[in-house]
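Asks: Sharing a structure, written as structure tokens. Questions coming.
The values are calculated or read from the model by the stated rules, or taken from the named source; none is laboratory data. Since the structure is predicted, the reported quantities are computational estimates derived from the model, not experimental observations. Please note: Cβ atoms are built from the backbone with ideal geometry, for glycine as well, and neighbour counts cover all protein chains shown. Protein only, heavy atoms only, side chains kept; ligands, DNA and RNA dropped before computing areas. Shrake-Rupley method; radii C 1.70, N 1.55, O 1.52, S 1.80 Å.
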Amino acid sequence: MPDGFRYQGGELCAEGVRLAAVAADVGTPFYIYSAATIAARYRRFAAAFAPASPLICFAVKANSNLAVLRLLARLGAGADVVSEGELRRALAAGMPPERIVFSGVGKTRAELDAALAAGIRQINVESIPELRALAAAAEAIGRAAPVALRVNPDVDALTHVKIATGKRENKFGIDLDDAADAYRLAADLPGIAPVGLAVHIGSQLVDLAPFRRAFGRVAELILELRAGGLAVERLDIGGGLGIRYHAETPPAPEAYAALVRETFGALGLELACEPGRVLCGPAGLLVARVLYVKEGAGRRFVILDAAMNDLLRPALYDAWHDIVPVRLPAAGAVLSPADVVGPVCETGDTFAVARDLPPLAAEDLVALTNAGAYGAVMSSTYNSRLLVPEVLAAGDRFAVVRPRPSFEDLLKMDAVPEWIDDAVPLPRSARGTA
Ligand SMILES: *Cc1c(COP(=O)(O)O)cnc(C)c1O
């Protein structure tokens, strides 16, 4: 069980808060985060890099709840944002613009304008066309945009194919072979002030070797650029450090930081990094209630009230999340395999297959662990299910930090034009009856 969550008196708690009490108050399913766990993980990550003290820009896409961002802002974190919505969240949470970087392969003109207007630290540019669009946007307001060029080091991150971003065939970054020309262009373009480079090769990396390969190539490029008379002051090393969902043994932050120090320590760079998952993944649970236990043909199905729309990772990435009972089973309880599924009408709505679980019955609560990153942020209303609420626990207090909407809220999102009844003639049989 990740830190911050433990059984007290036979009941699973988030810090000092009983999950059963939250379930009674908020209903299920819900996410719950441990504030102390986020803080402890942030502090350990930051300490690992000391004394280099890089700017830690939390990857907002991992968990964009304003309360979580506020907590991280208080700890000293900045933000890595990938949309105007995330930029607005980071600013609203009190993150200073000078600690915000903007990443992403497809920023719109409106997003570039918003980033310039906010005066953020830097925009990580991923292509020549984007560089030109940004130059135009910056010139229009008489500014020079601080730019880091994101390079694609053509390294296999050895992670799930859908979250590997550092191979040449991925859409991200500027090819290493073209990076020097692009950097020179950036230096020549009015409206652009190149400040350095950025790299991010993927997420949930559980081995240092891909980082080592990528960082080595970036270090070479920095030397090449400098030899050509170009200033490279900053380096943004991205995020991607993995966590233990099941049997993985991800590198410790200290080992990762040591590698960064070895590779870049002598280059006199201002460093930034963009961790997401490693800071908040283990700090969250998804709590659900068992609706039914169905004995199938040689299979036991545990049907939860949470579904793939609430936690997409198993359906999208075949991801593993531990599933634990909220009430500790009786001593000597026998584990037996079960498929744990949600109510959504897709076979992909499956959280676990043949998972060894203690006896479970309708009304029992279970928790899916390591759900603090890429959980609530990926939730949807698919099947017209209500967006899953989020709760933050700190000590013996908890607060709903995103309430469950009502069905009225859900229906209000659509609009039916007044002419709809004229658009399709009624069938003959129904005419004259109204
Ligand atoms: C997703 C992403 C991150 C964060 O990745 P984690 O695996 O959550 O650390 C950082 N930087 C960029 C550019 C990203 O796209």
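Asks: Surrounded by 15 or more Cβ atoms within 10 Å (Cβ to Cβ) and closer than 14 Å to Pro194 by Cα: which single residue out of Ala135, Ala115 fits that description? So that I can check it myself, show each step before the final result.
Replies: Details: Ala115 fails: closer than 14 Å to Pro194 by Cα.
None of the other options fit; the residue is Ala135.
Asks: Could you check segment 336-355 and list, in sequence order, the residues that are more than 28 Å from the chain's Cα centre (by Cα) and surrounded by fewer than 20 Cβ atoms within 10 Å (Cβ to Cβ)?
Replies: Ser336, Pro337
Asks: Only one of (1) within 16 Å of the ligand (Cβ to nearest atom); (2) more than 23 Å from the chain's Cα centre (by Cα); (3) touching a residue at least 60 places away in the same chain (Cβ under 8 Å) is not met by Leu328, so which one is it?
Replies: Of (1) within 16 Å of the ligand (Cβ to nearest atom); (2) more than 23 Å from the chain's Cα centre (by Cα); (3) touching a residue at least 60 places away in the same chain (Cβ under 8 Å), only one is false for Leu328: (1).
Asks: Scan segment 365-397 residue by residue and report those that are of a type in the set (Phe, Trp, Tyr) and surrounded by fewer than 24 Cβ atoms within 10 Å (Cβ to Cβ). Please lay out each step first, then the result.
Replies: Applying the first criterion (of a type in the set (Phe, Trp, Tyr)) to segment 365-397 yields 374, 382.
Residue satisfying the conditions is Tyr382 alone.
Asks: Follow-up question, since we're still on this one. Restricting attention to segment 398-434, which residues are open to solvent by 60 Å² or more (accessible area, probe 1.4 Å), within 22 Å of the chain's Cα centre (by Cα) and not basic (Lys, Arg)?
Replies: Val400, Pro403
Asks: Right, here's the next one. Go through segment 219-249 and give me each residue that's surrounded by fewer than 24 Cβ atoms within 10 Å (Cβ to Cβ) and either within 16 Å of the ligand (Cβ to nearest atom) or within 23 Å of the chain's Cα centre (by Cα) (or both).
Replies: Hits for segment 219-249 are Arg234, Gly242, Ile243, Arg244, Tyr245, His246, Ala247, Glu248, Thr249.
Asks: Taking segment 356-384 only, how many residues are under 18 Å from the mean Cα position of the chain (by Cα) and either outside any strand (DSSP E or B) or at pLDDT below 95 (or both)? Walk me through how you get there before you give the answer.
Replies: Step one: filter segment 356-384 for residues under 18 Å from the mean Cα position of the chain (by Cα), giving 368-380.
With either outside any strand (DSSP E or B) or at pLDDT below 95 (or both) added as a condition, the list becomes 369-380.
Total meeting the criteria: 12.
Asks: Hey, which of the strands (runs of 3 or more DSSP E) in segment 17-112, taking only ones fully inside, have at least 2 residues that are outside the structural domain of Ala252 (by TED's automatic domain parsing) and within 13 Å of the ligand (Cβ to nearest atom)?
Replies: On the way: elements: 30-34, 55-59, 78-81, 100-102.
Strands (runs of 3 or more DSSP E) meeting the threshold: none at all.
Asks: Continuing with this model, one more query. On the basis of being charged (D, E, K, R), open to solvent by 40 Å² or more (accessible area, probe 1.4 Å) and modelled with pLDDT under 95, does Asp25 make the cut?
Replies: Judged against the criteria, Asp25 is not a match.
Asks: Test Ala247 against the criterion of being within 30 Å of Met1 (Cα to Cα), without any contact (Cβ under 8 Å) to a residue 12 or more places away in the chain and among the aliphatic types (A, V, I, L, M), and give yes or no. Please lay out each step first, then the result.
Replies: Numbers: within 30 Å of Met1 (Cα to Cα): yes; without any contact (Cβ under 8 Å) to a residue 12 or more places away in the chain: yes; among the aliphatic types (A, V, I, L, M): yes.
Here the answer is yes, as Ala247 does meet what is asked.
Asks: Return the only residue of Glu262, Glu274, Glu254 being of a type outside the set (A, V, I, L, M), open to solvent by 50 Å² or more (accessible area, probe 1.4 Å), touching a residue at least 40 places away in the same chain (Cβ under 8 Å) and under 30 Å from Pro51 (Cα atoms). If you could, list the steps in order and put the result at the bottom.
Replies: Numbers: Glu262 fails: touching a residue at least 40 places away in the same chain (Cβ under 8 Å); Glu274 fails: open to solvent by 50 Å² or more (accessible area, probe 1.4 Å).
The unique qualifying residue is Glu254.
Asks: When only residues in segment 269-318 that are under 23 Å from Asp207 (Cα atoms) and among the hydrophobic types (A, V, I, L, M, F, W, C) count, which is farthest from the chain's Cα centre (by Cα)?
Replies: First, pick out the residues of segment 269-318 that are under 23 Å from Asp207 (Cα atoms): 271-283, 313-314, 316-318.
Okay, now just the ones that are also among the hydrophobic types (A, V, I, L, M, F, W, C), so 271-273, 278-280, 283, 316.
On the way: Leu271: 21, Ala272: 18, Cys273: 14, Val278: 10, Leu279: 10, Cys280: 9, Ala283: 13, Leu316: 14 Å.
My answer is Leu271.
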